[in-house]
Amino acid sequence: MKTISLAVRQLWPASCLLVAMLQLSQSARAETSAWADNEGGRMRLIALPPDESGTIRAGLQIEPKPGWITYWREPGNSGIPPQVTLSSVGVSLDRMSYPIPKHIVDGKVDEVAYDASVTFPLQLTAKNPAVRELKANAFIGICKEICIPFQAELSLTLEPSAQSRPTEEAILRDADSTLPEAASSEFKVDHHELSTDMKELSLNITLPESGESAPEVIVAGPSGYVFTRQMATHRDGKSFATTLSVGKLPKGYDVHGKTWSALIIDGARAIEAPLAFE
(Lines give C-alpha, C1' and ligand atoms only; values in the text may rest on other atoms or scores of the structure.)
Protein backbone atom coordinates (compact mmCIF):
# COMPACT_ATOMS: atom_id res chain seq x y z
CA MET A 1 0.00 0.00 0.00
CA LYS A 2 2.86 2.38 0.79
CA THR A 3 4.39 1.69 -2.64
CA ILE A 4 1.09 2.46 -4.41
CA SER A 5 0.60 5.64 -2.38
CA LEU A 6 4.12 6.81 -3.25
CA ALA A 7 3.53 6.10 -6.94
CA VAL A 8 0.32 8.12 -6.90
CA ARG A 9 2.10 11.04 -5.23
CA GLN A 10 4.89 10.84 -7.82
CA LEU A 11 2.44 10.84 -10.73
CA TRP A 12 0.20 13.55 -9.32
CA PRO A 13 2.36 16.61 -10.22
CA ALA A 14 2.80 15.37 -13.79
CA SER A 15 -0.93 14.77 -14.21
CA CYS A 16 -1.73 18.20 -12.79
CA LEU A 17 0.74 19.76 -15.20
CA LEU A 18 -0.87 17.93 -18.13
CA VAL A 19 -4.37 19.09 -17.15
CA ALA A 20 -3.16 22.65 -16.72
CA MET A 21 -1.48 22.57 -20.13
CA LEU A 22 -4.65 21.26 -21.76
CA GLN A 23 -6.76 23.92 -20.08
CA LEU A 24 -4.33 26.63 -21.17
CA SER A 25 -4.35 25.30 -24.72
CA GLN A 26 -8.16 25.24 -24.80
CA SER A 27 -8.32 28.77 -23.39
CA ALA A 28 -5.86 30.09 -25.97
CA ARG A 29 -7.81 28.50 -28.81
CA ALA A 30 -11.19 29.81 -27.71
CA GLU A 31 -12.88 32.14 -30.20
CA THR A 32 -15.51 33.13 -27.65
CA SER A 33 -14.98 35.58 -24.83
CA ALA A 34 -15.92 34.80 -21.26
CA TRP A 35 -19.55 35.49 -20.41
CA ALA A 36 -20.24 38.86 -18.77
CA ASP A 37 -23.07 38.49 -16.26
CA ASN A 38 -25.78 40.89 -15.17
CA GLU A 39 -28.90 40.68 -13.00
CA GLY A 40 -31.02 40.23 -16.13
CA GLY A 41 -28.81 38.00 -18.27
CA ARG A 42 -25.40 37.60 -19.83
CA MET A 43 -23.50 38.35 -23.05
CA ARG A 44 -20.28 37.40 -24.83
CA LEU A 45 -18.32 38.01 -28.03
CA ILE A 46 -17.84 35.33 -30.70
CA ALA A 47 -15.50 35.60 -33.71
CA LEU A 48 -13.79 33.61 -36.43
CA PRO A 49 -10.20 34.32 -37.53
CA PRO A 50 -9.73 36.93 -40.30
CA ASP A 51 -9.80 35.71 -43.87
CA GLU A 52 -7.05 36.69 -46.34
CA SER A 53 -8.64 40.12 -46.88
CA GLY A 54 -8.86 40.79 -43.14
CA THR A 55 -12.64 40.30 -42.86
CA ILE A 56 -13.74 38.91 -39.50
CA ARG A 57 -17.16 37.31 -38.96
CA ALA A 58 -18.25 37.90 -35.39
CA GLY A 59 -21.32 38.25 -33.19
CA LEU A 60 -22.54 39.69 -29.92
CA GLN A 61 -24.49 36.92 -28.18
CA ILE A 62 -27.02 37.97 -25.52
CA GLU A 63 -29.00 35.61 -23.30
CA PRO A 64 -31.68 37.38 -21.24
CA LYS A 65 -32.97 35.53 -18.20
CA PRO A 66 -36.62 34.36 -18.31
CA GLY A 67 -38.93 37.37 -18.12
CA TRP A 68 -36.22 39.81 -19.25
CA ILE A 69 -35.77 41.43 -22.68
CA THR A 70 -33.08 43.23 -24.64
CA TYR A 71 -33.58 45.65 -27.50
CA TRP A 72 -33.59 46.08 -31.27
CA ARG A 73 -31.70 48.98 -32.89
CA GLU A 74 -34.72 51.26 -32.31
CA PRO A 75 -36.18 49.99 -29.04
CA GLY A 76 -39.48 51.87 -28.76
CA ASN A 77 -40.74 54.17 -26.02
CA SER A 78 -37.85 53.28 -23.73
CA GLY A 79 -34.79 51.08 -23.70
CA ILE A 80 -31.22 51.08 -24.93
CA PRO A 81 -30.23 49.82 -28.38
CA PRO A 82 -27.21 47.48 -28.51
CA GLN A 83 -23.88 49.18 -29.12
CA VAL A 84 -20.46 47.67 -29.83
CA THR A 85 -17.22 49.68 -29.83
CA LEU A 86 -13.96 47.99 -30.79
CA SER A 87 -10.84 48.75 -28.79
CA SER A 88 -8.48 46.49 -30.78
CA VAL A 89 -5.92 48.54 -32.71
CA GLY A 90 -6.37 48.25 -36.47
CA VAL A 91 -9.78 46.55 -36.32
CA SER A 92 -12.94 48.37 -37.42
CA LEU A 93 -16.64 47.56 -37.19
CA ASP A 94 -18.13 47.71 -40.69
CA ARG A 95 -21.65 46.55 -39.96
CA MET A 96 -23.87 45.33 -37.14
CA SER A 97 -26.97 43.41 -38.24
CA TYR A 98 -30.20 42.92 -36.32
CA PRO A 99 -32.27 39.71 -36.19
CA ILE A 100 -36.03 39.97 -36.56
CA PRO A 101 -37.37 41.36 -33.25
CA LYS A 102 -40.75 41.18 -31.54
CA HIS A 103 -43.15 44.06 -31.04
CA ILE A 104 -43.96 43.64 -27.36
CA VAL A 105 -47.09 45.41 -26.12
CA ASP A 106 -48.15 44.82 -22.52
CA GLY A 107 -50.00 47.54 -20.65
CA LYS A 108 -47.75 50.58 -20.70
CA VAL A 109 -44.96 48.61 -22.38
CA ASP A 110 -44.60 49.19 -26.12
CA GLU A 111 -41.16 48.04 -27.22
CA VAL A 112 -39.30 46.40 -30.07
CA ALA A 113 -37.13 43.78 -28.45
CA TYR A 114 -35.99 40.17 -27.94
CA ASP A 115 -37.21 37.98 -25.09
CA ALA A 116 -34.90 35.01 -25.81
CA SER A 117 -31.28 34.38 -26.74
CA VAL A 118 -30.18 36.51 -29.69
CA THR A 119 -26.91 37.00 -31.57
CA PHE A 120 -26.22 40.22 -33.46
CA PRO A 121 -23.93 39.47 -36.45
CA LEU A 122 -20.90 41.76 -36.72
CA GLN A 123 -18.70 42.27 -39.75
CA LEU A 124 -15.22 43.52 -38.85
CA THR A 125 -12.13 44.39 -40.85
CA ALA A 126 -8.58 43.97 -39.59
CA LYS A 127 -5.88 46.03 -41.31
CA ASN A 128 -3.49 43.23 -40.42
CA PRO A 129 -5.01 39.76 -41.09
CA ALA A 130 -2.51 38.34 -38.58
CA VAL A 131 -4.34 40.05 -35.68
CA ARG A 132 -4.66 37.60 -32.79
CA GLU A 133 -6.60 39.50 -30.14
CA LEU A 134 -10.06 41.02 -30.36
CA LYS A 135 -11.35 43.45 -27.75
CA ALA A 136 -14.71 45.21 -27.67
CA ASN A 137 -16.89 47.23 -25.37
CA ALA A 138 -20.54 46.16 -25.47
CA PHE A 139 -23.34 48.32 -24.08
CA ILE A 140 -26.94 47.09 -24.04
CA GLY A 141 -30.16 47.57 -22.13
CA ILE A 142 -31.78 44.64 -20.39
CA CYS A 143 -35.23 45.08 -18.95
CA LYS A 144 -37.92 43.48 -16.82
CA GLU A 145 -39.86 45.82 -14.54
CA ILE A 146 -37.01 48.29 -14.81
CA CYS A 147 -34.35 48.77 -17.48
CA ILE A 148 -30.74 48.17 -16.47
CA PRO A 149 -27.79 49.44 -18.51
CA PHE A 150 -25.37 46.55 -19.04
CA GLN A 151 -21.81 47.34 -20.12
CA ALA A 152 -18.88 44.97 -20.43
CA GLU A 153 -15.36 44.72 -21.84
CA LEU A 154 -15.14 41.53 -23.90
CA SER A 155 -11.99 39.98 -25.33
CA LEU A 156 -10.93 36.78 -27.07
CA THR A 157 -7.95 35.22 -28.82
CA LEU A 158 -8.06 34.35 -32.53
CA GLU A 159 -6.15 31.26 -33.64
CA PRO A 160 -4.53 31.37 -37.10
CA SER A 161 -5.23 27.68 -37.68
CA ALA A 162 -7.38 26.82 -40.71
CA GLN A 163 -9.21 24.13 -38.74
CA SER A 164 -13.00 24.24 -38.59
CA ARG A 165 -14.70 25.75 -35.57
CA PRO A 166 -18.09 24.02 -35.57
CA THR A 167 -19.51 25.62 -32.42
CA GLU A 168 -18.70 29.22 -33.34
CA GLU A 169 -19.57 28.66 -37.00
CA ALA A 170 -22.97 27.19 -36.05
CA ILE A 171 -23.81 30.13 -33.76
CA LEU A 172 -22.92 32.69 -36.44
CA ARG A 173 -24.71 30.71 -39.16
CA ASP A 174 -27.86 30.51 -37.04
CA ALA A 175 -27.61 34.25 -36.35
CA ASP A 176 -27.48 35.00 -40.08
CA SER A 177 -30.59 32.87 -40.61
CA THR A 178 -32.59 35.09 -38.22
CA LEU A 179 -32.00 38.28 -40.24
CA PRO A 180 -34.72 39.79 -42.46
CA GLU A 181 -34.58 38.92 -46.15
CA ALA A 182 -33.66 41.43 -48.82
CA ALA A 183 -36.69 42.87 -50.60
CA SER A 184 -37.63 41.03 -53.79
CA SER A 185 -40.31 41.11 -56.48
CA GLU A 186 -42.50 38.83 -54.35
CA PHE A 187 -42.02 40.67 -51.05
CA LYS A 188 -41.49 44.44 -51.14
CA VAL A 189 -42.76 47.91 -50.30
CA ASP A 190 -44.34 49.21 -53.51
CA HIS A 191 -45.13 52.73 -52.35
CA HIS A 192 -44.77 54.91 -49.28
CA GLU A 193 -46.04 58.39 -48.56
CA LEU A 194 -45.89 60.70 -45.57
CA SER A 195 -48.88 62.97 -45.03
CA THR A 196 -48.43 66.72 -45.41
CA ASP A 197 -48.64 67.23 -41.64
CA MET A 198 -46.17 64.31 -41.15
CA LYS A 199 -48.57 62.58 -38.76
CA GLU A 200 -49.34 59.51 -40.89
CA LEU A 201 -47.32 57.18 -43.08
CA SER A 202 -49.07 55.15 -45.80
CA LEU A 203 -47.52 51.97 -47.19
CA ASN A 204 -48.52 49.65 -50.03
CA ILE A 205 -46.83 46.28 -49.73
CA THR A 206 -46.58 43.12 -51.81
CA LEU A 207 -46.55 40.04 -49.55
CA PRO A 208 -45.09 36.62 -50.41
CA GLU A 209 -48.24 34.59 -49.67
CA SER A 210 -51.98 35.14 -49.77
CA GLY A 211 -53.62 35.54 -46.39
CA GLU A 212 -56.10 37.44 -44.27
CA SER A 213 -54.17 38.69 -41.25
CA ALA A 214 -52.29 41.97 -41.20
CA PRO A 215 -48.50 41.64 -41.10
CA GLU A 216 -46.46 43.35 -38.40
CA VAL A 217 -44.99 46.65 -39.59
CA ILE A 218 -42.16 48.36 -37.70
CA VAL A 219 -40.85 51.62 -39.18
CA ALA A 220 -37.57 53.09 -37.94
CA GLY A 221 -37.62 56.83 -38.56
CA PRO A 222 -35.11 59.41 -37.34
CA SER A 223 -32.57 58.01 -34.89
CA GLY A 224 -34.40 57.20 -31.66
CA TYR A 225 -37.86 57.02 -33.26
CA VAL A 226 -39.85 53.91 -34.15
CA PHE A 227 -43.46 53.69 -35.38
CA THR A 228 -45.61 50.57 -34.95
CA ARG A 229 -49.26 51.63 -34.50
CA GLN A 230 -51.31 50.74 -37.57
CA MET A 231 -54.41 52.93 -37.77
CA ALA A 232 -56.04 51.35 -40.82
CA THR A 233 -55.19 48.19 -42.75
CA HIS A 234 -56.51 46.30 -45.76
CA ARG A 235 -55.24 42.96 -47.07
CA ASP A 236 -56.36 41.46 -50.35
CA GLY A 237 -54.45 38.24 -50.83
CA LYS A 238 -50.84 39.27 -51.39
CA SER A 239 -51.60 43.00 -51.48
CA PHE A 240 -51.53 44.95 -48.23
CA ALA A 241 -52.15 48.61 -47.48
CA THR A 242 -51.65 50.23 -44.10
CA THR A 243 -51.48 53.65 -42.49
CA LEU A 244 -49.22 54.09 -39.47
CA SER A 245 -49.40 56.81 -36.86
CA VAL A 246 -46.14 58.74 -36.93
CA GLY A 247 -46.87 60.97 -33.97
CA LYS A 248 -44.14 63.25 -32.73
CA LEU A 249 -40.98 63.93 -34.73
CA PRO A 250 -37.94 66.00 -33.72
CA LYS A 251 -38.69 69.71 -33.68
CA GLY A 252 -38.03 71.29 -37.07
CA TYR A 253 -37.39 67.89 -38.66
CA ASP A 254 -37.12 67.99 -42.47
CA VAL A 255 -37.85 64.60 -44.01
CA HIS A 256 -36.69 65.56 -47.51
CA GLY A 257 -33.54 63.68 -48.48
CA LYS A 258 -33.88 61.33 -45.51
CA THR A 259 -34.27 57.54 -45.58
CA TRP A 260 -36.26 55.57 -43.04
CA SER A 261 -36.69 51.79 -43.05
CA ALA A 262 -39.68 49.47 -42.79
CA LEU A 263 -39.49 46.01 -41.25
CA ILE A 264 -42.38 43.88 -42.54
CA ILE A 265 -43.05 40.60 -40.74
CA ASP A 266 -45.54 38.26 -42.42
CA GLY A 267 -45.69 34.90 -40.70
CA ALA A 268 -42.27 33.25 -40.75
CA ARG A 269 -40.84 35.68 -43.31
CA ALA A 270 -39.66 39.26 -43.01
CA ILE A 271 -37.96 41.96 -45.06
CA GLU A 272 -36.42 45.29 -44.16
CA ALA A 273 -36.83 47.88 -46.93
CA PRO A 274 -35.59 51.48 -47.19
CA LEU A 275 -38.13 54.31 -47.37
CA ALA A 276 -36.47 57.21 -49.18
CA PHE A 277 -38.09 60.64 -49.15
CA GLU A 278 -37.25 63.00 -52.00
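The values are calculated or read from the model by the stated rules, or taken from the named source; none is laboratory data. From a predicted model like this one, the values you see are computed outputs, not experimental measurements. Note: ideal-geometry Cβ built from the backbone for every residue, glycine included; neighbour counts use all protein chains shown. Each accessible area value is taken on the protein alone, full model and side chains, heavy atoms only, with ligands, DNA and RNA left out. Shrake-Rupley method; radii C 1.70, N 1.55, O 1.52, S 1.80 Å.
Working out 0.36 nm times the residue gap between K251 and E153, then minus their Cα-Cα distance, what length gain in nm do you get to one decimal? Working shown, then result.
Working: separation 98, 0.36 × 98 = 35.28 nm, distance 3.62 nm.
Difference between extended and current length: 31.7 nm.
Taking θ as phi - 60°, what are the ³J(HN,Hα) couplings along the range 141-157 by the Karplus curve (6.51, -1.76, 1.60), each to the nearest whole Hz, with x for Gly and Pro?
The phi angles translate into x, 9, 9, 10, 7, 10, 9, 10, x, 10, 10, 8, 8, 10, 8, 8, 10 Hz.
May I ask which residue of L249, L201, A270 lies farthest towards the positive end of the charge dipole of the range 188-277, with charges of +1 (Lys, Arg) and -1 (Asp, Glu) on Cβ and the Cα centre as origin?
L249
Going 7 Å from the Cα of D51 in the Cα-to-Cβ direction, what parts of the range 91-121 have a backbone nitrogen less than 20 Å from that spot?
91-98, 120-121
Considering amide H positions built from the backbone, and no H for Pro or chain starts, which residues 5 or more places from Y71, or on another chain, come under 5 Å of its amide H?
For Y71, whose amide H was placed from the backbone, the distant partners under 5 Å are Y114, G141.
Mind checking the angle between helix 2-29 and the chain's longest principal axis? C-alpha axes, 0 to 90 degrees, to the nearest 10.
The helix 2-29 is inclined about 30 degrees to the chain.
When the dipole is taken about the Cα centre of the chain, and only Lys, Arg (+1) and Asp, Glu (-1) are charged at their Cβ, what size is it in debye, to the nearest 20?
Numbers: 26 positive and 34 negative charges, 234 e Å.
For the chain, the charge dipole is close to 1120 debye.
Run the numbers on the chain and let me know its relative contact order in percent, using alpha-carbon pairs under 8 Å that are six or more apart. List each step's numbers first, then the result.
On the way: 584 pairs, mean separation 44.3, N = 278.
For the chain, the relative contact order is 16 percent.
With a ≥ b ≥ c taken as the square roots of the eigenvalues of the C-alpha gyration tensor of the range 22-166, please select rounded if a/c is under 1.5 and otherwise prolate if a/b is larger than b/c or oblate if it is not? Provide the component values of the computation, followed by the final result.
Details: a/c = 2.52, a/b = 1.93, b/c = 1.30.
Prolate, since a/c reaches 1.5 and a/b exceeds b/c.
What net charge do the residues around F187 carry, taking every other residue with its C-beta under 15 Å from that of F187, with Lys and Arg at +1 and Asp and Glu at -1?
Details: positive: K188, R235, K238, R269; negative: E181, E186, D190, E209, E216, D266, E272.
Local net charge: -3.
Among S155, S245, S223, whose mean-square fluctuation peaks in a Gaussian network model of the chain (Cα, cutoff 10 Å)?
Looking only at S155, S245, S223, the biggest GNM fluctuation is shown by S223.
What does the C-alpha gyration tensor say about the overall shape of the range 138-242? Classify as rounded when a/c is under 1.5, otherwise prolate if a/b is larger than b/c, or oblate. Provide the component values of the computation, followed by the final result.
On the way: a/c = 2.88, a/b = 1.63, b/c = 1.76.
It comes out oblate by the Cα gyration axes.
Using only the C-alpha atoms of the chain, find the volume of their convex hull and express it per residue in Å³. Walk me through the numbers before you get to the answer.
On the way: hull volume 55.4 nm³, N = 278.
Spelled out: Cα convex hull of the chain, divided by residues, is 199 Å³.
Tell me, what is the FRET efficiency for T125 and S213 to the nearest 0.05, using R0 = 51 angstrom and their Cβ-Cβ distance as r? Working shown, then result.
Numbers: r = 42 Å, r/R0 = 0.82.
With a Förster radius of 51 Å, E is 0.75.
Enter the accessible area of D106 (Å², nearest 10), with the probe set to 1.4 Å and all protein chains included.
Here the residue's solvent-accessible area equals roughly 110 Å².
Which of rounded, prolate, oblate describes the range 188-277, given a ≥ b ≥ c as roots of the alpha-carbon gyration tensor eigenvalues and a/c under 1.5 marking rounded, otherwise prolate only if a/b is larger than b/c? Don't skip to the end; give the middle numbers.
Details: a/c = 2.10, a/b = 1.86, b/c = 1.13.
Prolate shape, in that a/c is at least 1.5 and a/b is the bigger ratio.
How much accessible surface does K199 have with a 1.4 Å probe, in Å² rounded to 10?
110 Å²
What is the extension gain from F277 to N77, computed as 0.36 nm multiplied by their sequence separation minus the C-alpha to C-alpha distance, in nm to one decimal? The partial results should precede the final answer.
Details: separation 200, 0.36 × 200 = 72.00 nm, distance 2.42 nm.
Residue separation times 0.36 nm, minus the Cα-Cα distance, leaves 69.6 nm.
If D94, D110 are ordered by their accessible area, calculated over protein heavy atoms with a 1.4 Å probe, which sequence runs from highest to lowest?
On the way: D94 80, D110 50 Å².
So, going from the largest accessible area down, we get D94, D110.
Projecting each Cα onto the charge dipole of the range 36-178 (Lys/Arg +1, Asp/Glu -1 at the beta carbon, about the Cα centre), which of N38, A136, I148 comes out farthest on the positive side?
Checking the options against the dipole of the range 36-178, the answer is A136.
Enter the angle in degrees (range 0 to 90, nearest 10) between the Cα long axis of helix 166-177 and the first principal axis of the Cα atoms of the chain, meaning the one along which they spread out most.
0 degrees
What size of dipole, in debye to the nearest 20, comes out for the range 188-277 about its Cα centre when the only charges are +1 on Lys and Arg C-beta atoms and -1 on Asp and Glu C-beta atoms? Write out the running numbers ahead of the final one.
Working: 9 positive and 11 negative charges, 55 e Å.
Magnitude of the dipole: close to 260 debye.
Using a Gaussian network model of the chain with C-alpha springs under 10 Å, which one of T259, T55, T196 is most mobile by mean-square fluctuation?
It is T196.
Output wanted: per-residue J couplings in Hz (rounded whole) for the range 101-107, from phi through Karplus 6.51 cos²θ - 1.76 cosθ + 1.60, θ = phi - 60°, x for Gly and Pro.
x, 10, 8, 9, 10, 8, x
Quick one: Karplus J couplings for the range 45-53, per residue in order, coefficients 6.51, -1.76, 1.60, θ = phi - 60°, nearest Hz, x for Gly and Pro?
3J(HN,Hα) across the range 45-53, in whole Hz: 9, 10, 7, 9, x, x, 7, 4, 8.
To the nearest 20 debye, what is the magnitude of the charge dipole of the range 36-178 about its Cα centre, counting +1 on the Cβ of each Lys and Arg and -1 on the Cβ of each Asp and Glu? Walk me through the intermediate numbers first.
Numbers: 14 positive and 19 negative charges, 35 e Å.
Magnitude of the dipole: close to 160 debye.
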